[in-house]
Each structure stands twice: as structure tokens, then as C-alpha cells.
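**Student:** I have a structure I would like to understand better, so I am pasting it below and will then ask my questions one at a time.
Please treat every number below as a calculation from the coordinates, not as lab data. Treat the numbers as computed from the prediction; the structure is a model and nothing was measured. For neighbour counting, all protein chains shown are included, and Cβ atoms are generated from backbone atoms with ideal geometry for every residue, glycine included.
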Amino acid sequence: MANLKKIKTRINSIISTQKITRAMKMVASAKVKKYENKVKASRPFTYELEKVFYRLLHSVSEIEAKTANFKEPLNNYPVLLKERPIKNVGMLIITSNKGLSGAFNANLVRYTLKTIQDYKEKGIGCELFIIGQKGYNSLKRIADANGFKITQQYLNFSENPTSSQARLVAADMARSFVNGDIDSMEIITTRFKNMMSYSVERWDILPLDEIDFEYTKEEFTDMEVEPSISNVLSELVPLFISSIIFQAMLESIASELASRMTAMSAACNNAEEMIQKLTLDYNKARQAMITQELTEIVGGSAAINK
């Protein structure tokens, strides 16, 4: 009887857990389609902005801002666009605030540590800017042992990324860049592919590299700018950096939701299999108990009749 009660308790516990995982799967399924549309809608803008930015740079022979007075480091394009030896890398790591999303955060942390190790072998230091509670919790415990520094963390961002959040991160990274604390900017994030898959990637922001756009050199050099190159670049550079960060945040949240949907779907299926197995065990144990009771009754009756 005790064994039957134990199995029944386990079945009820798994059924309760299955209700939770099914609800989380439904929530993730409802949200992931929304963010898939956002990701696909923002990709063309980000790509076209990069093309315009690179076309503008190719039309400028030399960047000068001798008399410019920049209120914020993010507008200080002469320093941000100037190439210099890379001694410290500023890495933006985009993770989630919530768990139960499969190997989503673990994959990002593993990729980050591998990248840090690769830089360490080259004698390059790393300073991390981390979005998401899960990534911060995992990386802060091993920062000293792995030789990197967490410069800034963003743990209060909502599940709905905004351009103002992206600009805040861009401003912090630009401040470190202008102050000389870091010599490059890059992002480690996930690129959303479809409902079932995503990939962990590293995106370079600064210093600028050549990008193979569908333009010829003649098209790059034929560009008129008003009112001046300085005014345009001081506004375009912050927009360029912020838009890449914002795109990375959108890709990340869509990938996280897809990963959670897949993980919760697998959890529901596993729970169903466990319920079926335990139900079978329960029925077998109940049948054995009934058989034993019948045997005892028959045996007792036979003893009385003797």
C-alpha cells in the first residue's frame, strides 16, 4: 500500500510540473513569432544603415574634427573611428534574465570563455559588458580565474528590447573606448535562424573592417554630404553602433524564446513518458496487491474448511 501511495504521489507531482512546462511552452510560442517578425523587419534597416555608413566613409579622404566639441563620447567619431593597436577588447555579452531555456545561456558562456582564451593567448585583455542576469551570474564567479574584467552589467532590461537601451549600452562602451580602457568593440550574441535553431556568433563593431557590399568603388566615392561631414558623422556613428547593438538584442531574445519553446516541448514529452511508465508501474503494483489479497483469502478459506 505504501508503494502505491508513493507512485501516485510521483505521478501527481509530474502532472503538476507538466502543466507548468506546457504553460511556459505556450507563452514562448506566442512570443517567439512576434519577435521573429521584429527581427526580420529590423534586419534590412540595419543592413542599409551599414551600407550608407561605409559609403560615407569611403567618400571622405580624411576625418578631421579639430574644432569640434563633443558632449558625449558616443559622438566623438574621430576617436571612435581611429585605428590603434588592440591591447584590450570590449565584449558585449547578451544573455537572458530567465532560465529554463535549454542550453541557450550555457552556449553563450562557453563561446565567451573560448574567445577570451583565444585573446589571452595573443596577449590581449578583455573587458566585459554583460546583458542578462544568467550570463552575469555565470561569468562573475570565474572572472578572476580566467583573467577578464566585468566593466558593466545590465540586469534590469525588460524582455522587450528598446533602442534607448541599446544606446545606453553603446554610450558606456564608447566611453570606455574614448578613455582608452578598450581598443575595440564586439558583441557575442545569438543569430535567430528559425523556430528550431539559432547560432552563437561574434559581431565586430569597431575598429571598422571592409565589408563586401554590392557596390563598386565608383559608387563609394560619389556621395555629397550636407551640412558637413563632421555634423553627419557625429550623428551617424552613434546610430551605427546603437543599431548593431539593438539588432543583436532582438536576435538574442528571439533565439532565447525559440530555445525555451523547444526545451519546454521536450520537457512536456518527457513528463508524458514518465507518467505513462509510472501509471504502468502503479497498475502492476495494484494488480500484484489484489492478487496477493485474493490468494490470502482463498488460503484462509481453505484452512477454515479443513
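**Student:** Compute and list, largest first, the equivalent-ellipsoid semi-axes of the range 223-306 from the alpha carbon gyration tensor, each √(5λ) rounded to a whole angstrom.
**Tutor:** The equivalent ellipsoid of the range 223-306 has semi-axes of 79, 7, 4 Å.
**Student:** A follow-up question, please. Given H placed 1.01 Å from N in the peptide plane, which residues other than close sequence neighbours of L92 have an amide H under 5 Å from its amide H?
**Tutor:** F129, E186, I187, I188
**Student:** Hey, another quick one. Hey, fewest Cβ within 10 Å first, where do C126, C268 land in order?
**Tutor:** C268, C126
**Student:** Below 8 Å between Cα atoms, with a sequence gap of 6+, how large is the relative contact order for the range 21-264 in percent?
**Tutor:** With pairs under 8 Å counted, the relative contact order is 35 percent.
**Student:** With the chain treated as a Gaussian network of Cα nodes joined by springs under 10 Å, which of Q117, Q287, Q18 yields the largest mean-square fluctuation?
**Tutor:** In the Gaussian network model the winner is Q287.
**Student:** What translational diffusion coefficient, in µm²/s and rounded to a whole number, does the Stokes-Einstein relation yield for the range 21-264 at 10 °C and a viscosity of 1.306 mPa s, taking the hydrodynamic radius as the Kirkwood radius over Cα pairs?
**Tutor:** The Stokes-Einstein estimate is 84 µm²/s.
**Student:** Which of the residue pairs K34/K140; K19/K98; K6/K284; K33/K98; K31/K193; K51/K82 have a Cα-Cα distance greater than 24 Å in the structure shown?
**Tutor:** Violating the 24 Å limit, Cα to Cα: K34/K140.
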